[in-house]
Amino acid sequence: MQLNVLVIGNGGREHAIVAALAKSPLVGKLYCMKGNAGIAELAECVDVDYCDLKAVGDWVDAHPDVGYAVIAPDDPLALGLADELEARGHKVFGPNKRAAQIESSKAFAKELMKKYGIPTAAYETFDNYDDALAYVEKGKLPVVLKADGLALGKGVLICETLEEAKDGLRRIMLDKAFGAAGNKVVVEEYLTGKEFTPGEEVSVLTFTDGKTIVPMIASCDHKRVFDGDKGPNTGGMGTFTPCPFYDDAVAEEVKEKILLPTVRALNAEGRPFKGVLYFGLMRTPDGMKVVEYNARFGDPETQVVLPMLKTDLMEIFLAVTEERLADVKIEWEEGACVCVVLASGGYPQHYEKGKPIEIGDLDEGVFLYHAGTKREDGVLKTNGGRVIGVCAKGATVAEARKKAYRNVEKIRFDGMQYRKDIGIKYVRAH
């Protein structure tokens, strides 16, 4: 019997989830709240504020044909949408509010790692600006400042100089550039890569039902807005898989020292986690360390990971919900996938919406994941900072990368910006 499924969210990650679910024989009709122009081609879009827990619950109650809900973004998870829907008797994919705090509070996550011996950067937490400033003035540079709460992936500042650090603290704690997320700040040691170069980060998304943990294939995100990892942090400007250094030996080390200890720590704290637990990791001279946790699929990592998944995604979701993940064999395709994000001019700061988008004839095997798009009077237009992810698969990263960039050139909108170096380090290293 097929299930009608509601996917909650409106970005490229949600488009990738909807596209994967659309292929499942277990899935009937798809709904998406709120969706975008690309998702609308696969699902019925529902205009309900997904951070209004009662409104979402009332809508699901009023649509008894919906048998399952997938909560993809961080905000509704942090607010407790999974708890709300489960309390109303609905099946949900996504952690409850207490488990989702591993992402919604940087301070909680750091304290959890410290308590349970999970390797991470040294840090201190402050809720007083003067105390934070005094600590930064005496500390080592570069330094990383993290707004404690959720900030759309932009609440992390890497400060090279003392002036940058002072300015960053002021923006987070006094100017409230990230709102209430900046009421508390984590001041963190800046980790360097194993070869003492930045950028040796890897994202490992994992399915877990609170007992079993199944890592997905590893991917590499590009956070800074400009080529060469310059400019401010964004929600992610592109990604690729596989990761150049994440071999079987590293994966085993990470599983034993980081993945399993984290799930066990959450269980020990009475916060069992069911859903996708995201590990942002750095390869350092002292081994792999946790940079950040997310309580859901990453964006844009999902856009390169799910296209490589051979197993039915809905089968996995149901196994997680029903705590029988150990019974599912999850398989992946060989090869590589690259995603290049096309963003609005001015992103991640100020940008305009409503720019018409032209898309030419794309090569076979290239797929577009819409993020900030809408259709207005039949015309496709921009409707956000990150607009479209151009994704391509290939036998190698070099091949997938070449195909993705060839098709980037077939898309146009006023002010379009994108990085031209997604995956280039991998290609040069191989």
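The values are calculated or read from the model by the stated rules, or taken from the named source; none is laboratory data. Being a predicted model, the structure only gives us computed values, none of them experimental. All Cβ positions, even for glycine, are placed from backbone atoms using ideal geometry, and neighbour counts span all protein chains on display. What goes into the accessible areas is simple: the full protein's heavy atoms, side chains included, and nothing from ligands, DNA or RNA. Shrake-Rupley method; radii C 1.70, N 1.55, O 1.52, S 1.80 Å.
For Met113, state whether it is within 30 Å of Leu141 (Cβ to Cβ) and open to solvent by less than 60 Å² (accessible area, probe 1.4 Å).
yes
Only one of Cys243, Cys220, Cys159 is free of Cβ contacts under 8 Å to residues at least 24 places away in the same chain and surrounded by 19 or more Cβ atoms within 10 Å (Cβ to Cβ). Can you tell me which?
Of the residues listed, the single one that is free of Cβ contacts under 8 Å to residues at least 24 places away in the same chain and surrounded by 19 or more Cβ atoms within 10 Å (Cβ to Cβ) is Cys159.
Working carefully through the options Val48, Val5, Val56, Val60, find the one that is touching a residue at least 60 places away in the same chain (Cβ under 8 Å) and of a type in the set (A, V, I, L, M, F, W, C).
One residue alone meets the criteria, Val5.
Taking the residues in region 21-74 that are in a helix (DSSP H, G or I) and touching a helix residue (DSSP H, G or I) at 6+ places or on another chain (Cβ under 8 Å) as candidates, determine which candidate is most open to solvent (accessible area, probe 1.4 Å).
Checked region 21-74; the qualifying residue most open to solvent (accessible area, probe 1.4 Å) is Lys54.
Any residue in region 146-160 that is in a loop (DSSP other than H, G, I, E, B), farther than 19 Å from Ala181 by Cα and more than 19 Å from the chain's Cα centre (by Cα)?
yes
Mind listing whichever residues of region 284-331 are under 15 Å from Gly235 (Cβ atoms) and not in a helix (DSSP H, G or I)?
Residues satisfying the conditions are Glu292, Asn294, Arg296, Phe297, Gly298, Asp299, Pro300, Glu301.
Of the residues Arg428, Arg406, Arg401, only one is buried (at least 17 other Cβ atoms within 10 Å of the Cβ) and not in a loop (DSSP other than H, G, I, E, B); which?
Arg401
Within region 77-124, how many residues turn out to be aromatic (Phe, Trp, Tyr), in contact with a Phe, Trp or Tyr (Cβ under 9 Å, 6 or more places away or on another chain) and free of Cβ contacts under 8 Å to residues at least 24 places away in the same chain?
0
Could you please let me know if Lys54 is within 27 Å of Asp148 (Cβ to Cβ) and among the basic types (Lys, Arg)?
So Lys54 fits the description; yes.
May I ask you to say which residue of Ala180, Ala251, Ala265 is open to solvent by 50 Å² or more (accessible area, probe 1.4 Å) and either part of a helix (DSSP H, G or I) or modelled with pLDDT of 95 or more (or both)?
Ala180
Return the pairs, sorted by first residue and then second, in which the second residue is polar (S, T, N, Q), the first residue lies in region 139-150 and is buried (at least 19 other Cβ atoms within 10 Å of the Cβ), the beta carbons are less than 7 Å apart, and the residues are 6+ apart or on different chains.
Matching pairs, first to second residue: Asp148/Ser105; Asp148/Asn183; Gly149/Ser104; Gly149/Ser105; Leu150/Ser104.
When Pro95 is evaluated against the numbered criteria (1) within 20 Å of Asp299 (Cα to Cα); (2) open to solvent by 10 Å² or more (accessible area, probe 1.4 Å); (3) outside any helix (DSSP H, G or I), which criterion, by number, is the only one it fails?
Condition not satisfied by Pro95: (2).
Can you tell me which residue in region 268-287 is farthest from the chain's Cα centre (by Cα), limited to those that are closer than 16 Å to Asn96 by Cα and open to solvent by less than 10 Å² (accessible area, probe 1.4 Å)?
So the residue we want is Phe273.
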